[in-house]
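The structure appears below as structure tokens.
All of the numbers you see were taken from the coordinates with simple rules; none came from a lab. Owing to the predicted nature of the structure, the values given are computational and were not obtained by experimental measurement. Cβ coordinates were reconstructed from backbone atoms using ideal geometry, including for glycine residues, and neighbour counts include every protein chain displayed.
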Amino acid sequence: MENMSVRVLKMMLVVSVIALGSVSCQVMRHQPMSVVEMDRRSSELELALLGLRGVDAAGADVIAEVNKIARVCVVEGENFAQENRAVRPSWLNNCLVNVGIHRSGLCWHYRNHLYDQLHAMNRKYFEVHTGVRDKGRTFHEHHCVVIVPAGGGFHDGLVIDPWQESGRTIWFATQGERGEWSYQPRWAEAH
């Protein structure tokens with residue numbers, strides 16, 4: 001009985017947010033990113049990856065790998081959002097998933113999708129890990145992919161987050177104003 005009550009309460013919350021916002025789902029729906037915007041974001045992520053400690057940015061092979069990684073991170077975040085009819089803001093999309101209106105779109109869904117795409121790549125200079133912030137903290141726990149220079153430590157990497165902006169991939173350090181991220185080996189090893 002309690003589960004049904006919680007589910008009904010969640011659904012009422014979603015309906016209330018949509019109704020109070022007086023905004024149609026079409027306006028809130030994630031709008032496709034332009035090619036120019038994808039190129040800009042990919043270039044910025046390339047620079048961030050090349051700037052990581054332990055990366056030799058002089059090699060053509062390194063630059064080619066960085067280019068592929070950045071492109072996959074940006075394009076796959078966008079593709080996942082489009083395929084799953086993501087809405088903005090991302091917390092509202094979570095509500096839609098949790099009440100069963102959308103089938104996918106939580107942070108760990110984005111993480112799994114991006115991890116699979118990056119893990120399948122032939123990489124030599126970078127490693128792909130999974131990370132978590134605020135583990136066990138209800139409504140705050142957050143999962144992402146972390147790109148680390150080969151042989152580097154987890155905290156030498158960049159957190160890659162396509163969820164927070166509903167398909168618009170962002171990135172940041174594993175420590176700092178966006179929280180303290182921890183390596184999550186169980187998921188990566190079991191996946």
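At-a-glance table
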item: For region 114-191, convex hull of alpha carbons as volume per residue, Å³; result: 99
item: Potential extension, residue 5-residue 36 segment - 0.36 nm per residue separation minus Cα distance; result: 6.6 nm
item: Spacing of the two label points (7 Å from each Cα toward its C-beta) at residue 173 and residue 121, in nm; result: 2.3
item: Two-site FRET efficiency, residue 141 against residue 79, from Cβ-Cβ distance with R₀ of 25 Å, rounded to 0.05; result: 0.55
item: Per-residue Cβ neighbour rank within 10 angstrom, fewest leading, 68, 124, 135; result: 124, 135, 68
item: Order of 181, 108 - criterion: other Cβ atoms within 10 Å of each residue's Cβ, fewest first; result: 108, 181
